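**Student:** Below you will find the structure I want to go over with you.
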Amino acid sequence: MAATRLIALHINKGKTIAQCLRDRTDYAQNPEKTEKGELVTGYECDPMTADEEFLLAKRQYFHITGRRQQNDVIAYQIRQSFKPGEITPEEANRVGYELGKRFTKGKHAFLVATHTDRAHIHNHIVFNSTSLDCKRKFRDFHNSGLALQKVSDIICMEHGLSIIEKKPYKERIKRTTYPKRHCFRDEIRQAIDRALLKKPKDFEEFLRLLEQDGYTCKRGKHTELWKEGYTEEEIRAVILVEKEHRIRSKNKQAVNQKRLNLLVDIDARLQAKGIGYQRWATVYNLKQMAQTMIFLREHGIEDIDQLREKTKQSTERFDQLNEKIKTAEKRLVEIASLKKHIINYAKTKDVYVDYRKSGYSRKFHESHREAITLHKAAKDAFNELGIKKLPKVKDLSAEYAEVLADKKAAYAQYRNARTEMQDYLKAQKNVEQFLNLNRQEEEKAQEEKRKEETQR
């Protein structure tokens, strides 16, 4: 018996598509829930790099179609839950794989993660909304949940599993009371607060206090217990009295830091505005100039030439990182394409050998058109790249993971460099505009002085 649910995954506010995909796939592949990753399989994607492969397909979709939609669905998740004790984790994973392939008709890449942390074994099937050919997207149609349930029931019956029998409406039990929602994350956060109030000497003592409170502390990839103020690094800093721990409310929003903004050209805009606008713009420019001076003081800049040199250096660094990321993305596309051609070549090799033995028979070609076409396309790709000896897929996967890691590391530097460059550019423009205004005022004062002397 398997209950299913189809969930559309959208972009979370304040996050990029890449971050959202990574969060969803990381949760599904949590090693603590999937027997250390043994219950994770993928279709037309490597589970370790599924988020990047999904993102790459979306970029190719944009290049091919030129379409980019707001509030778009980035992926879909199928939850498939089984009756306790009726199925093994391994069989559940196979059933989930078959469900994902049948429901998507093999046109979308997906990963299947079987969780065993609950009394009932359940699957998390995450499939890309963009198709494998990167030309179309999956659209959630009317009664798609019912269609999914029917496909799941058919597969369950094929595997000798029970299905949920629908009862007449009059015999159904209506829910009248709803249980209060219970959030374990809040409990963990409160437990950390209690442990830190006891002033532990070191991090190990802090963990012992948590264990005394009934928690099991495991080290690994998933060490962050709360988004802000509750990471391992921040907790260590509190224990070493390097920073003060503040108990954070769940709904408390982070305060945005003030960023530099450009000065307003009052004279250019005053023609269409009133005197009130002039007063506001004057105060605004004074505040922004003060913010600019603080920025210059913090970065040890004493003159305009030094500021221009810093701006030039930050721009060059940003351009270098941007080029590095573009090169990495290009290589990732090449590796993914090459892997696909190598796999297709290996799958269709025997068919093509038989095709040659048949004397390139037209009848044989018509009956094996798809396989022969894929084989020829793979050979053409190898010839175009000048490859004489085919690399191993394992080596390509290792290179893909290495390039991907380098790109992710470069992205963090890229964001910091972009922010730094923007601040330097704004500061330079503000200072130049301020100096230009002063020069204009001095010239205006000298002109008025000359007129007065002439009148005398």
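The values are calculated or read from the model by the stated rules, or taken from the named source; none is laboratory data. Since we're looking at a predicted model, the values are computed, not measured. Positions of Cβ are backbone-derived with ideal geometry, glycine not excepted, and every protein chain shown enters the neighbour counts.
**Student:** Pairs please, first residue from segment 409-420 and buried (at least 18 other Cβ atoms within 10 Å of the Cβ), second anywhere and among the aromatic types (Phe, Trp, Tyr), Cβ atoms under 7 Å, 6+ apart in sequence or on different chains.
**Tutor:** What qualifies is 417/318.
**Student:** Just name the residue that is nearest to residue 8 (Cα to Cα) out of those in segment 48-93 that are basic (Lys, Arg) and not in a loop (DSSP other than H, G, I, E, B).
**Tutor:** Checking each candidate, the answer is 79.
**Student:** Anything in segment 72-86 that is more than 18 Å from residue 148 (Cβ to Cβ) and in contact with a Leu (Cβ under 7 Å, 6 or more places away or on another chain)? List them, or say none.
**Tutor:** 74, 86
**Student:** Could you say whether any residue in segment 58-78 is under 13 Å from residue 122 (Cβ atoms), modelled with pLDDT of 90 or more and in the same structural domain as residue 36 (by TED's automatic domain parsing)?
**Tutor:** There is at least one residue in segment 58-78 that is under 13 Å from residue 122 (Cβ atoms), modelled with pLDDT of 90 or more and in the same structural domain as residue 36 (by TED's automatic domain parsing).
**Student:** What pairs come out if I take residues in segment 141-153 that are assigned by TED's automatic domain parsing to the domain that holds residue 103 and of a type in the set (D, E, K, R) and pair them with residues that are surrounded by 14 or more Cβ atoms within 10 Å (Cβ to Cβ) and part of a loop (DSSP other than H, G, I, E, B) whose C-beta lies under 8 Å away, six or more apart or interchain?
**Tutor:** Once the first residue is assigned by TED's automatic domain parsing to the domain that holds residue 103 and of a type in the set (D, E, K, R) and sits in segment 141-153, its partners that are surrounded by 14 or more Cβ atoms within 10 Å (Cβ to Cβ) and part of a loop (DSSP other than H, G, I, E, B) give 153/163; 153/164.
**Student:** While we're on this one: Do you know which of the residues in segment 348-386 that are touching a residue at least 12 places away in the same chain (Cβ under 8 Å) and of a type in the set (Ser, Thr, Tyr) is farthest from residue 336 (Cα to Cα)?
**Tutor:** Among those that are touching a residue at least 12 places away in the same chain (Cβ under 8 Å) and of a type in the set (Ser, Thr, Tyr), it is 355.
**Student:** So, one more: Restricting attention to segment 139-179, which residues are among the hydroxyl-bearing types (Ser, Thr, Tyr) and part of a helix (DSSP H, G or I)?
**Tutor:** 144, 152, 169
**Student:** So, in segment 5-47, of the ones that are part of a helix (DSSP H, G or I) and of a type in the set (Lys, Arg), which residue ends up surrounded by the fewest Cβ atoms within 10 Å (Cβ to Cβ)?
**Tutor:** 22
Per-residue answers, yes or no, for (1) buried (at least 16 other Cβ atoms within 10 Å of the Cβ); (2) within 30 Å of residue 89 (Cα to Cα); (3) not aliphatic (A, V, I, L, M):
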position	(1), (2), (3)
142	no, no, yes
146	no, yes, no
170	no, no, yes
173	no, no, no
209	yes, no, no
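**Student:** Would you tally the residues in segment 352-378 being more than 29 Å from residue 398 (Cβ to Cβ) and among the aliphatic types (A, V, I, L, M)?
**Tutor:** 2
**Student:** Can you pull out the helices (runs of 4 or more DSSP H) entirely within segment 279-388 that have at least 3 residues that are among the hydroxyl-bearing types (Ser, Thr, Tyr)?
**Tutor:** 304-357
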